[in-house]
């Protein structure tokens with residue numbers, strides 16, 4: 001008989017308090033150029049890379065970072081700091097950013113090989129009546145495109161010179177418009193910085209740190225980067241790191257004026273100065289600062305996956321600082337602090353080698369809201385906000401009743417209590433307040449939760465007061 005049962009049985013109910021989903025911390029979203037012609041790599045696609053090998057396979061690699069800016073990020077992130085993943089967007093398009101070179105004569109080496117520039121696009125190489133893979137082969141090396149004669153083909157031993165025409169990529173043709181990107185109506189494709197919104201739907205991770213090495217010094221690029229930090233997928237937020245132009249700021253005292261002139265004053269922006277160097281390699285400081293942030297987030301004795309710790313006074317993988325023309329600069333504490341008090345992060349070689357130096361976003365000193373001008377406090381607020389979105393998204397469109405409200409409140413409070421016990425925050429709680437939830441809002445299906453949050457500020461200043469205490473003189477009388 002339907003519904004009849006005689007005996008014992010059990011069932012399982014869904015847990016009323018769910019485990020919150022924490023947002024990713026310190027994932028880089030980097031827009032720039034790469035030698036994709038050498039690997040058949042992607043153009044205007046967001047590519048998630050978890051290793052050096054994956055990155056090279058996806059977009060290629062070259063040590064010429066002036067031409068190929070993504071390669072600086074690949075080397076810095078994977079080789080120097082050992083962080084992952086990173087999201088790369090190459091905007092160098094071999095079909096667009098190219099120059100054609102008419103036929104020229106090249107002498108064959110003893111190995112029956114001609115080395116063409118690595119910028120050459122293999123499929124554009126033409127050698128008269130000779131046929132690829134029958135008379136010659138094309139192989140990209142670390143520094144060139146090698147044309148190798150195939151034995152038995154029409155290029156006989158008595159031929160010493162080859163007439164070759166080709167087209168080559170020209171990274172210098174990439175403009176700030178390519179970096180900024182937009183929407184291509186004809187091809188139904190987003191490009192450049194606009195691709196940040198494709199990362200979460202495609203990979204399920206939230207990109208937090210936006211970088212455009214070399215190009216971020218342009219005020220328009222910096223402005224778009226800042227706008228993207230405030231609205232990722234319509235619900236997430238992040239930060240961007242901007243390099244001050246070291247051609248225009250040859251003295252450290254020039255940087256605050258350059259900052260104002262280029263409107264680098266937003267809470268979501270971090271301005272860094274100058275360039276940095278390791279051995280013979282020159283880097284945009286933004287790539288090191290971003291990697292230092294991510295490495296600090298991941299350190300077990302620091303944030304252990306959360307951005308609660310400031311990257312300031314943490315070791316950088318550099319051995320000097322330089323300007324655009326290669327001139328070496330060295331700041332003492334007073335000079336570095338001058339930059340800091342103007343909302344500029346720099347590097348300092350004071351005790352224990354070079355470290356990142358500065359706790360403030362670019363909005364300082366005009367904005368002194370602690371949730372916006374301290375880097376780690378600002379990042380913690382954004383990280384908590386991103387995590388709340390991820391944790392409660394599956395609650396959307398459920399029945400708006402007391403059980404739902406209590407489930408959300410209890411889940412988030414348990415999570416915040418855990419952060420507090422780990423001392424990642426000083427305190428935090430979620431409340432559903434009556435005065436913030438009017439009947440008309442509840443009728444419309446809108447519920448407002450109030451999150452109280454206090455991340456720890458960085459211990460930016462210690463002061464020790466020394467006093468001569470005459471009472472200790474009495475000890476001499478006991479001798």
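Among the listed residues 264, 270, identify the single one that is at pLDDT 95 or above, in a strand (DSSP E or B), under 22 Å from residue 226 (Cα atoms) and assigned by TED's automatic domain parsing to the domain that holds residue 334. That would be 270, the only listed residue that is at pLDDT 95 or above, in a strand (DSSP E or B), under 22 Å from residue 226 (Cα atoms) and assigned by TED's automatic domain parsing to the domain that holds residue 334. Checking the stated criteria, residue 286 turns out to be in a helix (DSSP H, G or I), in the same structural domain as residue 367 (by TED's automatic domain parsing) and modelled with pLDDT of 95 or more.
For (1) outside the structural domain of residue 138 (by TED's automatic domain parsing); (2) crowded, with 24+ Cβ neighbours inside 10 Å; (3) outside any helix (DSSP H, G or I); (4) at pLDDT below 95, each residue gets a yes or a no:
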position	(1), (2), (3), (4)
43	yes, no, yes, no
48	yes, no, yes, no
57	yes, no, no, no
64	yes, no, yes, no
77	yes, yes, no, no
114	no, no, yes, no
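Criterion applied to 309, 328, 324 was being closer than 15 Å to residue 355 by Cα and at pLDDT 95 or above, and the one residue passing it is 309.
Filtering the stretch 234-261 to residues that are buried (at least 16 other Cβ atoms within 10 Å of the Cβ), in a loop (DSSP other than H, G, I, E, B) and out of contact with any strand residue (DSSP E or B) (no Cβ under 9 Å at 6 or more places or on another chain) leaves 237, 245, 249.
Elements of the type helices (runs of 4 or more DSSP H) sitting completely within the stretch 362-479 and holding at least 3 residues that are in contact with a strand residue (DSSP E or B) (Cβ under 7 Å, 6 or more places away or on another chain): these cover 375-392, 402-421.
Yes or no: residue 385 in contact (Cβ under 8 Å) with a residue 40 or more places away in the chain, under 28 Å from the mean Cα position of the chain (by Cα) and under 28 Å from residue 266 (Cβ atoms)? Taking the combined requirement at face value, the residue satisfies it. Hey, does the stretch 208-215 have a residue that's at pLDDT 95 or above and more than 16 Å from the chain's Cα centre (by Cα)? Looking through the stretch 208-215, none of the residues is at pLDDT 95 or above and more than 16 Å from the chain's Cα centre (by Cα). Of the residues making up the stretch 460-479, those that are closer than 30 Å to residue 373 by Cβ and exposed (fewer than 10 other Cβ atoms within 10 Å of the Cβ) are 461, 462, 463, 464, 465.
The values are calculated or read from the model by the stated rules, or taken from the named source; none is laboratory data. Every value quoted in this text rests on a predicted model; they were computed, and no experiment measured them. Neighbour counts run over all protein chains shown; Cβ positions are idealised from the backbone, glycine included.
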